[in-house]
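Below is one structure, written out as structure tokens; the observations come after it.
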Amino acid sequence: METARRQLVRRKVVAVKPGAGTGGDCGNFHFRPSAPYFRASRAARFCGIVFRQAHRLEVHMEMTRDDQADSQARSQLRTVLLAACAILSIYFPTAYLIRSPLANPPAPNALLISGITRFGADKSAHMFLFDSACLRQWEDGDATNQRSPVVVYENDNPLGPAHSPHHEIGKIGLGRYAHWKGVGIMFSSSDNSNPLYNGRNYWAVTPAKCGRED
């Protein structure tokens, strides 16, 4: 009887080998302990695959967030550009209306100067040109005896000095002007700003009524 009990205990001890009851696991995955080393290796590989897939998913989500941020930034940029275009589309017609002929002329027989062009290709020069057929009867042709009675106004302020040398109009400006035969009125603004864009009206006041014949 004692011998049979010892044999039974020995079988149990042999059946339960070291590591047989532990097995490999990963999270909630448990493996049967029939082949502990083989199962543990498979569990390790399975865990590695799971971790790699989780990392890839995390990277993909991060890239998706970056793409969404880029898309939002592009959308904001488009909104800003559209707003700028809308503002400019309102500004230029308004600026044109501000310097339109609706302003009161500064004196009788005042002809609004329009169709102004810059003299020459030097954009740093201050001289601008205006020519009208009805003003040609008063043009000067002698540099030593300039007598044109035409007075150039900036809004309601007369410019000057009149009959200025051409190079002084271009280099110095500050309201200088001249009325020259075959050229027309050569003038500069009072502060050397561009008369095409400074929003002011320019007038040529003549001693007699001048019909507009450009």
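Any read-out appearing in this document is the output of simple, stated calculations on the displayed coordinates, not a laboratory observation. The shown structure was predicted, so the numbers you read here are calculated from the model rather than taken from an experiment. Ideal geometry is used to build each Cβ from the backbone, glycine not excepted, and the neighbour counts take in all protein chains shown.
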* Lys and Arg at +1, Asp and Glu at -1: add these up for the other residues within a Cβ distance under 11 Å of Arg147 and post the number. => -3
* Could you run the Karplus curve 6.51 cos²θ - 1.76 cosθ + 1.60 with θ = phi - 60° over the stretch 120-129 and give me ³J(HN,Hα) per residue in whole Hz, x for Gly and Pro? => x, 8, 7, 6, 8, 6, 9, 8, 10, 10
* For the stretch 157-214, just say rounded, prolate or oblate: build the C-alpha gyration tensor, square-root its eigenvalues into a ≥ b ≥ c, call rounded for a/c under 1.5, and beyond that prolate if a/b exceeds b/c, oblate if not. => oblate
* Asked: Quick one: which of 192-205, 78-91, 154-167, 112-125 comes out on top by average Cβ neighbours within 10 Å, and what's the full order, highest first?
  -> 192-205, 154-167, 112-125, 78-91
* Structure fact -> The local net charge around Ser190, scoring Lys/Arg +1 and Asp/Glu -1 for residues other than Ser190 whose Cβ lies under 9 Å from its Cβ, equals -1
